[in-house]
Structures are given as structure tokens and as C-alpha cells.
Amino acid sequence: MSRLWNVRRGRKAINLKYSQQITTKRETNAKQGTDIKAEAEPDSLRPNLSEPSELLQYDQVEKLAKHLPPRTVGYPWTLIYSTSRHGMSIKTLYRSMVEQETPVLMAIKDSDGQIFGALSSDPFKVSDGFYGTGETFLFTFCPEFEVFKWTGDNMFFVKGDTDSLAFGGGGGEFGLWLDGDLYHGRSHACKTFGNRTLSKKEDFFVQDIEIWAFE
């Protein structure tokens, strides 16, 4: 009986030792994974805002930063237009783009408190037709974060008029559209980005807009 007890106790000690080795190995691997992730994301690659955003939380900025064109990486986010500072005027919006040469990111907050918008490969401008490249995309945080990249179906990226600003097209609908007063907007599914409606409702009212450049 004593011998059987000693055997069982010996097996238990071996199993406990093996379990401790596994746990230690898992902890080591987890720590190594954390170290590798930290090394892969140096401070120089993390988004740096010239001033705090009134619309975007920092975790939202980080999520968006992962989808920005490579040519923007390492450059600070510079606020070049906001409705709270410059007023709700599309003409003022266009004037703020005159000396810009980088992609620009537009964040919109609607009257329902939802955040969505677009990244344009080119600064916004009045144009006869659509402009931009496949770097352009739409995004929404309503209700969860989603990015809608170029599908390759058409090249209806951005179109600016004196009375509206539009993103995406195909099938007679824009992915995102704003009127000249920057007060009323609309979002539909479109072929350019394969997106769903970005806001809770297709028609929405703008509460605030921010536009960021990378320079």
C-alpha cells in the first residue's frame, strides 16, 4: 500500500512539474509576443496629432492610421479645417485645401452622434469630373469600425462642386454626399467602395466636420 502511494505521489509530482513547465513556456511566449509587437510599432509610427480632435477618440485615430496610404506614415496629423473653427461653408473648405499636397481625411459627426467619413488621396477641390486614386476609401464607426476600400469596379473616387462634395458612385448613388452648406448629407451603398450606408439613416444632418492633412 505504501509503495502504491509513493508511485502515485511520484506521478503527481511529475505531472505538476510538467504543468509548471508548460505554463512557464506559455508565459515566455506571450512575453516574447508582446515584445515583438512593441518593437514592430515604434513611437515614430504611431499617429501624432497637431492638436486634440474634437470628434475622434485616440483609439479611433489608431484604427484609421492602420489603413492610411504608406506615404502618410510618420507625418503628423494636421487639422486644416473644422466646422467649429471655420464655419459650415463648402467654399471655406475648398479654400483651406489650396496649398495642400497630401491626402486628407474627413471625419463627420452627425446629429445622431455617429462618426464616419472618407480618406481622399487628393485635397478636395472643385472639379469637372471625378478625381483621386485607389488610395481613397470610406469608413464608419457606426456601430463598429469598418473601412471600405476601392473595389476596382470604377474610378468614381471624389467629385467636388460649388454646391456639393461626393465620394464614390455607380448605380446612380454616391457612397457619401454633402451639400454646399455642409449641413445635409446622404450615404448609400456604391460600387466604387462596396460600402454599406455609413450612417444610421441614408439621410443625415451634419453636426461637425474635421479635415486632417499629413504634413
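The values are calculated or read from the model by the stated rules, or taken from the named source; none is laboratory data. Keep in mind that what you see is a predicted model, and the values were worked out from it rather than measured. FYI the Cβ positions are ideal-geometry reconstructions off the backbone, even for glycines, and counts take in every protein chain you see. These area figures cover heavy atoms from the full protein model, side chains too; ligands, DNA and RNA do not enter into them. Shrake-Rupley method; radii C 1.70, N 1.55, O 1.52, S 1.80 Å.
Under 9 Å by Cβ, and 6 or more places apart or on different chains, what pairs join a residue from segment 153-173 that is modelled with pLDDT under 95 with one that is in a strand (DSSP E or B)?
The qualifying pairs are E173/R186.
Being outside any loop (DSSP other than H, G, I, E, B) and surrounded by 21 or more Cβ atoms within 10 Å (Cβ to Cβ) is the filter here, so list the residues in segment 116-140 that pass it.
Scanning segment 116-140 gives F116, G117, A118, L119, S120, F137, L138, F139, T140.
Only residues in segment 123-134 that are over 17 Å from T102 (Cα atoms) count as the first member; pair them with residues that are open to solvent by less than 30 Å² (accessible area, probe 1.4 Å), Cβ under 7 angstrom, at least 6 apart or cross-chain, and list the lot.
That search, which allows pairs on different chains as well, returns S127/G160; F130/F157; F130/V158.
For segment 112-124, does any single residue satisfy the condition of being among the hydroxyl-bearing types (S, T, Y) and in contact with a helix residue (DSSP H, G or I) (Cβ under 9 Å, 6 or more places away or on another chain)? Spell out how you get there, then give the answer.
Taking segment 112-124 and keeping what is among the hydroxyl-bearing types (S, T, Y), we get 120-121.
Right, trim to in contact with a helix residue (DSSP H, G or I) (Cβ under 9 Å, 6 or more places away or on another chain) and you get none.
Scanning segment 112-124, I find no residue that is among the hydroxyl-bearing types (S, T, Y) and in contact with a helix residue (DSSP H, G or I) (Cβ under 9 Å, 6 or more places away or on another chain), so the answer is no.
Could you please give the count of residues in segment 188-209 that are touching a Phe, Trp or Tyr at 6+ places or on another chain (Cβ under 7 Å) and closer than 21 Å to P123 by Cα?
3
What helices (runs of 4 or more DSSP H) completely inside segment 52-101 contain at least 2 residues that are closer than 18 Å to L178 by Cα and open to solvent by 90 Å² or more (accessible area, probe 1.4 Å)? Please lay out each step first, then the result.
Numbers: elements: 58-65, 83-86, 90-95.
The qualifying helices (runs of 4 or more DSSP H) are 90-95.
What's the number of the condition S111 fails, among (1) open to solvent by 20 Å² or more (accessible area, probe 1.4 Å); (2) of a type in the set (S, T, N, Q); (3) within 15 Å of I211 (Cα to Cα)?
Of (1) open to solvent by 20 Å² or more (accessible area, probe 1.4 Å); (2) of a type in the set (S, T, N, Q); (3) within 15 Å of I211 (Cα to Cα), only one is false for S111: (3).
Any chance you could count how many residues in segment 167-203 are surrounded by 22 or more Cβ atoms within 10 Å (Cβ to Cβ) and not in a loop (DSSP other than H, G, I, E, B)?
Final tally of qualifying residues: 4.
Determine whether P123 is at pLDDT below 95 and closer than 28 Å to G194 by Cα.
For P123, the condition - at pLDDT below 95 and closer than 28 Å to G194 by Cα - is not met.
Somewhere in segment 141-148, is a residue in a loop (DSSP other than H, G, I, E, B) and open to solvent by less than 20 Å² (accessible area, probe 1.4 Å)?
As a first pass, look at segment 141-148 and keep what is in a loop (DSSP other than H, G, I, E, B): 141-145.
If we keep only those that are open to solvent by less than 20 Å² (accessible area, probe 1.4 Å) too, we end up with 142.
For segment 141-148, residues in a loop (DSSP other than H, G, I, E, B) and open to solvent by less than 20 Å² (accessible area, probe 1.4 Å): present.
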